[in-house]
There are 2 protein chains.
Amino acid sequence: MAADLVRNLLEEKGTPRSYALQQTDVLVEAELRGHPSHGLQRLPRILRRIGKGLIDPRTQGKSHWRTPSFLKIDGLRGLGPVVALQACNMLSERASSTGVALAGIRNSNHLGMLAYYVEHLAKEGIIGIALSSSEALVHPYGGTTPLLGTNPLAIAVPTADRPLVVDLATSVVSMGKIHHHAANGCAIPEGWARDSDGEMTTDAAAAMNGSIAPFGDAKGYALGMALELLVASIADSSTAPDVRGTLDADAICNKGDVLIAIDAGKQPDLLACFSTYLDRIRKSRPTDPKRPVTVPGDGTWSRRQQALCDGIEIPGRLWDELNALSRSNEALVKGHVQ
Amino acid sequence: MAADLVRNLLEEKGTPRSYALQQTDVLVEAELRGHPSHGLQRLPRILRRIGKGLIDPRTQGKSHWRTPSFLKIDGLRGLGPVVALQACNMLSERASSTGVALAGIRNSNHLGMLAYYVEHLAKEGIIGIALSSSEALVHPYGGTTPLLGTNPLAIAVPTADRPLVVDLATSVVSMGKIHHHAANGCAIPEGWARDSDGEMTTDAAAAMNGSIAPFGDAKGYALGMALELLVASIADSSTAPDVRGTLDADAICNKGDVLIAIDAGKQPDLLACFSTYLDRIRKSRPTDPKRPVTVPGDGTWSRRQQALCDGIEIPGRLWDELNALSRSNEALVKGHVQ
């Protein structure tokens, strides 16, 4: 299985087995769900950052409860998933007694797909909320200059079936997806981005040096702006124009992450109502009879089920890059991750 | 001052002075900020609901800490602002020791403008988050049937100056604004709503019986969906199709509210950075040189400053309606609220 090969690459760089498994699983899950922008495409950068000492793959970070429900974490440059999963476990346990607990994380690395962490909490019956800040990539509504992060937000709420999971950047699209378009030589749709002169563009490479639009005009901008300050305030991290280290292999990562765990207590009847309600939405009349109404996460779930059968295609160029980064080339065979 | 007249009307219906002042202030603040949909237009309905026993204006509700950071509140049919402001005060104090505290409120009435409550928290240096559910007014993305609430979200984060405050419905527009258009005989813009047959409409009256679009397409729908279950789960309240009592004078109000208070500690340097950062955004290059970039809340703040000088215009029909509801007609003089 190619997941083993990914793990091997991380272990070769000094990552303990259990941490390598965590980082690998976050990347592979993104691939399985059809989000390659948050998948293995990120691995070469992670390996380079480990090589340069920008990531310390041997730490879970240092945490302390500054108050009974507020966990402060210095990630000590650890791998994002390793630091965040440790935080999730601490929050889940604490929320069971306090009702709600949150963590502000600084000096950690990119978490990958935020849905992963809130799902982790939801598996324990805990409502999860996750936020991250990022480099200045998004222009204000009515503006032309990248001054906000993409400031993603993920929420998972348990139901009687699988939890409702939403995971959205407050930009109209993630910079990862623009990179993915650029890497594949594809144009981007109109309305996604401006170039470095502040003009609208459909050229993915030009957009990489420009800025992305907030989603949903003034409202999405307002939400992104609020999350920008919310994360910086709770994580004691930098605001977007000063953030580095999530998209490069040159700088210490100084974005922030916030995780919130809420234990609403045992609610079997309510959770059953939620499942009935979501099914009612799925069965409601669509605008296009050929496209049934979906609940957020349905598409992701279907893609994952399919990918578990079919495996996932990794672009040849990425495999070549990973091969070049590997000391044991025989471990890397172009193929499927299952 | 006309605010006194509003307060008198509430007192005539048996509302204690201090509670009448709270309800009045929430309504008048909405008017001052240019949000008449959440202003005095709501007062006749509140008075009718008190008259029918659907609102008990004499209670703050019954609250208990189910865990150290999780406040459960049965509003006992109290006035929304009275119950919520009491909750804010309890949360603010608790968050100072636990770091974060939240309240799930059920069986309370309409809160009005959510910004009011998070600003109340921010004045104490506390980050505030407020959520409410509502009747099924919003159709799913790709759907035609009203199945979600407008599910507004407000966030306030302290800075060195006035706090950053955002307050947005996850619908493209609030139903209150559609009512306001209908009441004034105005058409609504294309894309806001569908009629009861699920067809797009610009007729405000038809939209009142139909459904509103989520803002920001699939992302806004996802956010609204998550907030729908988040509120129901924390407040132990109904999901949208079963909610009644925020727009009518016939049913007990069974929506839910969630308030979250976060004390991130003393951060004078960070708060100063926030103010510098927001000013940098305001001074950044706009798409239209005649329309400077604004930070969310700037427009609201300017309107409020202006209205404090100019007073606010109340439509004649609303004054007539309030007069008809008043026992002491001489108390109501058409004029300005200052």
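Worth pointing out:
- Candidate set: region B:138-152, residues that are more than 7 Å from every other protein chain (Cβ to nearest Cβ) and open to solvent by 10 Å² or more (accessible area, probe 1.4 Å); chosen: the one nearest to residue B:174 (Cα to Cα): B:150
- Only listed residue being in the same structural domain as residue B:251 (by TED's automatic domain parsing) and of a type in the set (Asp, Glu), chosen from B:190, B:119, B:199: B:119
- The criterion of being touching a residue at least 60 places away in the same chain (Cβ under 8 Å) and not assigned by TED's automatic domain parsing to the domain that holds residue A:5 does not hold for residue A:34.
- Candidates A:87, A:101, filtered to the one that is farther than 19 Å from residue A:255 by Cβ and buried (at least 24 other Cβ atoms within 10 Å of the Cβ): A:101
- Note on region A:105-128: residues that are crowded, with 24+ Cβ neighbours inside 10 Å, under 21 Å from residue A:264 (Cα atoms) and either touching a helix residue (DSSP H, G or I) at 6+ places or on another chain (Cβ under 7 Å) or polar (S, T, N, Q) (or both) amount to 6.
- When region B:62-102 is filtered for residues that are in a loop (DSSP other than H, G, I, E, B) and in contact with a Ser or Thr (Cβ under 6 Å, 6 or more places away or on another chain), the ones remaining, listed by number, are B:68, B:69, B:75, B:76, B:78, B:99.
- Verdict on residue A:177 being more than 9 Å from chain B (Cβ to nearest Cβ), modelled with pLDDT of 95 or more and over 24 Å from residue B:127 (Cβ atoms): no
- Here A:135, A:93, A:124 are screened, and the one residue that is closer than 17 Å to residue A:227 by Cα and more than 12 Å from chain B (Cβ to nearest Cβ) is A:135.
- Residue B:169 vs. criteria open to solvent by 10 Å² or more (accessible area, probe 1.4 Å), of a type in the set (A, V, I, L, M) and over 23 Å from residue A:153 (Cβ atoms): no
- Selection count, region B:241-270, where residues are surrounded by fewer than 24 Cβ atoms within 10 Å (Cβ to Cβ), of a type in the set (A, V, I, L, M) and within 17 Å of the chain's Cα centre (by Cα): 2
- Here A:76, A:71 are screened, and the one residue that is touching a Lys or Arg at 6+ places or on another chain (Cβ under 7 Å), in the same structural domain as residue A:254 (by TED's automatic domain parsing) and more than 15 Å from residue B:70 (Cα to Cα) is A:76.
- Residue within region A:66-75 that is away from chain B (no Cβ under 14 Å), closer than 14 Å to residue A:245 by Cα and touching a strand residue (DSSP E or B) at 6+ places or on another chain (Cβ under 7 Å) present: yes
- Each residue in region A:196-220 was checked for being under 19 Å from residue A:182 (Cα atoms), buried (at least 16 other Cβ atoms within 10 Å of the Cβ) and within 11 Å of another protein chain (Cβ to nearest Cβ), and 3 pass.
- Filter result for residue A:114 (within 12 Å of another protein chain (Cβ to nearest Cβ) and either in contact with a Phe, Trp or Tyr (Cβ under 7 Å, 6 or more places away or on another chain) or not polar (S, T, N, Q) (or both)): no
- Tally of residues being small (Gly, Ala, Ser), under 21 Å from the mean Cα position of the chain (by Cα) and open to solvent by 40 Å² or more (accessible area, probe 1.4 Å) across region A:178-195: 1
- Selection over region B:286-308 of residues that are open to solvent by less than 60 Å² (accessible area, probe 1.4 Å) and in a helix (DSSP H, G or I) gives a count of 4.
- Subset of region B:281-320 that is among the small types (Gly, Ala, Ser) and within 30 Å of residue B:9 (Cα to Cα) - its residue that is nearest to the other protein chains (Cβ to nearest Cβ): B:302
- Among the residues making up region B:1-24, those that are closer than 17 Å to residue B:60 by Cβ and in a helix (DSSP H, G or I) are B:10, B:11, B:17, B:18, B:19, B:20, B:21, B:22, B:23, B:24.
- A single entry from A:52, A:13, A:62 fulfils the requirement of being open to solvent by 30 Å² or more (accessible area, probe 1.4 Å), farther than 21 Å from residue A:300 by Cβ and free of Cβ contacts under 8 Å to residues at least 24 places away in the same chain: A:62.
- Residue B:167 being out of contact with any His (no Cβ under 6 Å at 6 or more places or on another chain) and within 11 Å of chain A (Cβ to nearest Cβ): yes
- Residues of region B:286-298 that are free of Cβ contacts under 8 Å to residues at least 12 places away in the same chain and over 10 Å from residue A:142 (Cβ atoms): B:289, B:290.
- Flag if residue B:221 is in contact with a Pro (Cβ under 6 Å, 6 or more places away or on another chain), at pLDDT 95 or above, among the aromatic types (Phe, Trp, Tyr) and not assigned by TED's automatic domain parsing to the domain that holds residue B:192: yes
- Filter result for residue B:260 (within 8 Å of another protein chain (Cβ to nearest Cβ), part of a strand (DSSP E or B), in contact (Cβ under 8 Å) with a residue 60 or more places away in the chain and in contact with a strand residue (DSSP E or B) (Cβ under 6 Å, 6 or more places away or on another chain)): yes
- Here residue B:78 meets each of (1) surrounded by fewer than 24 Cβ atoms within 10 Å (Cβ to Cβ); (2) touching a Gly at 6+ places or on another chain (Cβ under 9 Å); (3) without any contact (Cβ under 8 Å) to a residue 60 or more places away in the chain with one exception, condition (1).
- Within this structure, residue B:231 passes the test of being closer than 21 Å to residue A:122 by Cα, more than 8 Å from chain A (Cβ to nearest Cβ) and not hydroxyl-bearing (Ser, Thr, Tyr).
- Of the residues making up region A:10-62, just one is at positive phi and modelled with pLDDT under 95, namely A:34.
- Residue check for residue A:152: assigned by TED's automatic domain parsing to the domain that holds residue A:116, within 15 Å of residue A:114 (Cβ to Cβ) and out of contact with any helix residue (DSSP H, G or I) (no Cβ under 7 Å at 6 or more places or on another chain): yes
- Out of B:122, B:87, B:101, sole residue that is over 14 Å from residue B:263 (Cα atoms) and of a type in the set (Gly, Ala, Ser): B:87
The values are calculated or read from the model by the stated rules, or taken from the named source; none is laboratory data. In this text the structure is predicted, and so the values were computed from the model without any measurement. All Cβ positions, even for glycine, are placed from backbone atoms using ideal geometry, and neighbour counts span all protein chains on display. When the accessible area is computed, the model is the full protein with side chains, heavy atoms only, and any ligands, DNA or RNA have been set aside. Shrake-Rupley method; radii C 1.70, N 1.55, O 1.52, S 1.80 Å.
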